[in-house]
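To start, the structure under review is shown below, and the notes come after it.
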Amino acid sequence: MNPALARLYHIARQPSRRIIGLMSGTSLDGLDVVLCRLYGHGPDTRLELEQFATVPYDEDVRRRVRQVFAGGQTGQVSLEYLTLLNPWLGRLHADMVLDCLRQWQVEPSEVDLLASHGQTVYHAPAHQHQHPDFLGQNATLQLGDGDQLAVRTGIITLSDFRQKHIAAGGEGAPLAAYGDYLLLSSAGEERLLLNLGGIANFTYLPRTGQDSSMAFSTDTGPGNTLLDATVRAHYPTLAYDEDGRLAAAGTVHSALLATLLEHPFFAAPLPKTTGPELFGATYLRQAQEYTGTQALGIEDVLATLAELSALGVARAAQQVFGAQPALAVYTSGGGAHNPVLRAALARHLPACRFATTDALGILPDAKEAILFAVLANEAVAGQPISIGAGRQRVPAVSMGKISWPT
Ligand SMILES: Nc1ncnc2c1ncn2[C@@H]1O[C@H](COP(=O)(O)OP(=O)(O)OP(=O)(O)O)[C@@H](O)[C@H]1O
Ligand SMILES: CC(=O)N[C@H]1[C@@H]2OC[C@@H](O2)[C@@H](O)[C@@H]1O[C@H](C)C(=O)O
């Protein structure tokens, strides 16, 4: 038997596993790295977060990823560049992990598994592309090859989680429903777990004991992606509008907002997914041209975009829960730090109670990386994750491809 397989067999049978989870999202701000211990599996999973760090991407990394990200700035991507970027990102992520482990004084041999999301460079759900050769097909692409991570760190690595979801009929995202369901379902309340990343998404969790097949997750539209792109276009040295200061000085432009909201994505049935391919510079530019607001001040544009992100969330919630959803909402992701976004959400969902996932014992900025550690834990030690009868595009699957270190 392959000794690595014997090691994996041993890891799978342990009462707990020490797992590193990696996530680098659409904001390209850096690689989120968590080191956690996961006890058990399935609904009995218990999390102990040992360490968390965001290793920032420097400008050179961002430049390289942007060459292909969402189709590249020109809409033309070099196949050679894409091919070269895939192992390069895997090595970069491996070196970032090794740096973190050194700082945390943990040997790679003391870690059981590495769960790597990779860098999404293109997301193509069927509703978002019209390619005549592939009509009706869902696809998504994450770079940062798992073999590079396994060989360089010596840790058995699971990666490329989204392809199984697509193979089983999903759009490859959001996968948050699985981890949220296992870690955060509660007998006491129905919950909305709202992640405000580059793209905003939420998971709905009914009370445990209620019909669990009602649980699902969906993207709701832009979170920070358009805000960040607008800030960058005006202030090339700024990554984002810190604490929403610029947006807070602006006024929502109602005609621009109405035009942005006319995009059919917002009225499409849930669950649905999207990405910066749709909610990018062209979408905003066309809406500004249509409304004659090309000269609008950046503060007003940002105020309008924050309102758009909040309205995307509110409309999605209203689609499922009626005009006045009254739910416990737990926020995570970078947008949870933006007071303008938070205030707009509270205004549009006045009957909801808001807190961050801190209140549930989950560090908001670490949540997505934790979710991939949970997926790896299930793939190795659990069963295909089954949420109720698997309705609402959350097929019962185990996700992640295994890379051996040797
Ligand atoms: N203090 C802050 N004020 C305003 N915005 C902030 C603040 N901190 C973070 N952000 C926003 O959060 C973004 C990073 O969010 P996050 O790391 O959750 O995104 P991501 O994981 O890349 O996205 P996704 O979940 O879509 O993959 C930043 O680019 C910025 O827009
Ligand atoms: C294709 C892709 O990478 N999607 C991300 C992105 O970032 C937020 C939102 O869009 C969500 O759909 C997803 O990530 C989270 C972790 C998810 O799958 O649940």
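The values are calculated or read from the model by the stated rules, or taken from the named source; none is laboratory data. None of these values were measured; they are calculated from a predicted model. Note that we place each Cβ from the backbone using ideal geometry, even for glycine, and neighbour counts take in every protein chain shown. In case anyone asks, the SASA skips ligands and DNA or RNA and just uses the protein heavy atoms, side chains included. Shrake-Rupley method; radii C 1.70, N 1.55, O 1.52, S 1.80 Å.
In the set Leu349, Leu341, Leu360, Leu371, only one residue is at pLDDT 95 or above, away from ligand 1 (no atom under 12 Å from the Cβ) and crowded, with 21+ Cβ neighbours inside 10 Å; that residue is Leu349. Go through (1) buried (at least 17 other Cβ atoms within 10 Å of the Cβ); (2) over 20 Å from Pro125 (Cβ atoms); (3) hydrophobic (A, V, I, L, M, F, W, C) and name the single condition Ala295 misses. So the condition that Ala295 fails would be (1). Meeting the requirement of 1 or more residues that are in contact with a Ser or Thr (Cβ under 8 Å, 6 or more places away or on another chain), the helices (runs of 4 or more DSSP H) wholly within segment 184-288 are 225-234, 254-261. Selection within segment 146-171: residues that are out of contact with any strand residue (DSSP E or B) (no Cβ under 7 Å at 6 or more places or on another chain) and farther than 26 Å from Ala126 by Cβ. The member of this set that is nearest to ligand 2 (Cβ to nearest atom) is Gln148. When Pro236, Pro271 are checked against the criterion of being modelled with pLDDT under 95 and crowded, with 20+ Cβ neighbours inside 10 Å, a single residue qualifies: Pro271.
Among residues belonging to segment 372-388 that are in a helix (DSSP H, G or I) and under 21 Å from the mean Cα position of the chain (by Cα), point out the one that is farthest from Leu47 (Cα to Cα). Checked segment 372-388; the qualifying residue farthest from Leu47 (Cα to Cα) is Ala379. The residues in segment 168-191 that are of a type outside the set (D, E, K, R), touching a residue at least 60 places away in the same chain (Cβ under 8 Å) and more than 16 Å from ligand 1 (Cβ to nearest atom) can be counted, and the count is 8. For segment 44-63, filtering for residues that are in a helix (DSSP H, G or I) and open to solvent by 70 Å² or more (accessible area, probe 1.4 Å) leaves 3. The number of residues in segment 199-215 being buried (at least 18 other Cβ atoms within 10 Å of the Cβ) and in contact with a strand residue (DSSP E or B) (Cβ under 8 Å, 6 or more places away or on another chain) comes to 8. Among the residues of segment 137-156, at least one is more than 16 Å from ligand 1 (Cβ to nearest atom), out of contact with any Ser or Thr (no Cβ under 9 Å at 6 or more places or on another chain), of a type in the set (S, T, N, Q) and in a loop (DSSP other than H, G, I, E, B). Restricting to segment 80-117, what's the tally of residues that are within 23 Å of the chain's Cα centre (by Cα), in a helix (DSSP H, G or I) and farther than 18 Å from Glu50 by Cβ? Result for segment 80-117: 12.
Here is a yes/no grid of residues against (1) touching a helix residue (DSSP H, G or I) at 6+ places or on another chain (Cβ under 8 Å); (2) within 30 Å of Leu363 (Cβ to Cβ); (3) not hydrophobic (A, V, I, L, M, F, W, C):
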{"site": "Gly275", "(1), (2), (3)": "yes, yes, yes"}
{"site": "Thr282", "(1), (2), (3)": "no, no, yes"}
{"site": "Thr293", "(1), (2), (3)": "yes, no, yes"}
{"site": "Gly333", "(1), (2), (3)": "yes, yes, yes"}
{"site": "Ala336", "(1), (2), (3)": "yes, yes, no"}
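Regarding Arg191, is this residue among the basic types (Lys, Arg) and in contact with a Lys or Arg (Cβ under 9 Å, 6 or more places away or on another chain)? In short, yes.
Yes or no, residue by residue, for (1) in contact (Cβ under 8 Å) with a residue 24 or more places away in the chain; (2) closer than 23 Å to Leu196 by Cβ:
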residue: Ile19; (1), (2): yes, no
residue: Leu28; (1), (2): yes, yes
residue: Cys36; (1), (2): yes, yes
residue: Gly40; (1), (2): yes, no
residue: Glu59; (1), (2): no, no
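Of the residues Asp95, Asp112, which is among the acidic types (Asp, Glu) and open to solvent by 20 Å² or more (accessible area, probe 1.4 Å)? Explain how you work it out, then say what you get.
Working: Asp112 fails: open to solvent by 20 Å² or more (accessible area, probe 1.4 Å).
Of Asp95, Asp112, the one residue that is among the acidic types (Asp, Glu) and open to solvent by 20 Å² or more (accessible area, probe 1.4 Å) is Asp95.
Scanning segment 330-371 for residues that are of a type in the set (S, T, N, Q), within 20 Å of Ser186 (Cβ to Cβ) and either within 16 Å of ligand 2 (Cβ to nearest atom) or over 19 Å from the mean Cα position of the chain (by Cα) (or both) returns Thr331, Ser332, Thr357.
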